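The values are calculated or read from the model by the stated rules, or taken from the named source; none is laboratory data. Given the structure is predicted, the values throughout are model-derived calculations rather than measurements. Just the protein is used for accessible areas: all its heavy atoms, side chains included, with ligands, DNA and RNA removed. Shrake-Rupley method; radii C 1.70, N 1.55, O 1.52, S 1.80 Å.
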Amino acid sequence: MKKKILSRKEITWYVIAGILAFVGLVFVVFGIVGDHLPVLSSDNWVLISENAWLKNWSGMGYRYWGLILLAAGTAIAVTSLAFFARNGDRDSERAARRAQRLALESEDVKEAVEVPAEK
């Protein structure tokens, strides 16, 4: 099987999707840890940071933003995988058709050479 070289666009989209999914997973973990951390509410740094910068402008906490980012990363990864796989299949089918066409042309050339000349 021929090894496929990934293009820069493909790698870029996979990296973006991976980063979004990773940040989303970290946010989900922060949300769960913040709710179950065995300290006083005033000492819980996760809930304090959540109230300071997430709930002020969005009304959602770490868990919801984590789920949104995780879903966005997954959607980007699946979409780019489907897109680039379709392009790869198209290229391999094109190469197979070209090889068949060249094989037929070479057979025609051999038949043309084998025909004896009339006297």
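Tabulated data for the structure shown
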quantity	calculated
Nearest-10 value in Å² for the accessible area of Val78, using the 1.4 Å probe	90
C-alpha long axis of helix 8-36 to longest principal axis of the chain, angle in °	20
Rg to Rh quotient for the chain, alpha carbon positions, Kirkwood Rh	1.49
Per-residue ³J(HN,Hα) for the stretch 43-59, Karplus 6.51 cos²θ - 1.76 cosθ + 1.60, θ = phi - 60°, Hz, x for Gly and Pro	9, 7, 5, 5, 5, 5, 5, 5, 5, 6, 10, 9, 6, 5, 9, 10, x
Per residue, in Å², the accessible surface of the chain once ligands and nucleic acids are set aside, probe 1.4 Å	80
Share of carbon and sulfur in the accessible heavy-atom surface of the chain [1.4 Å probe, %]	66
Nearest-ten-degree value, helix 62-114 long axis tilted from longest Cα axis of the chain	0
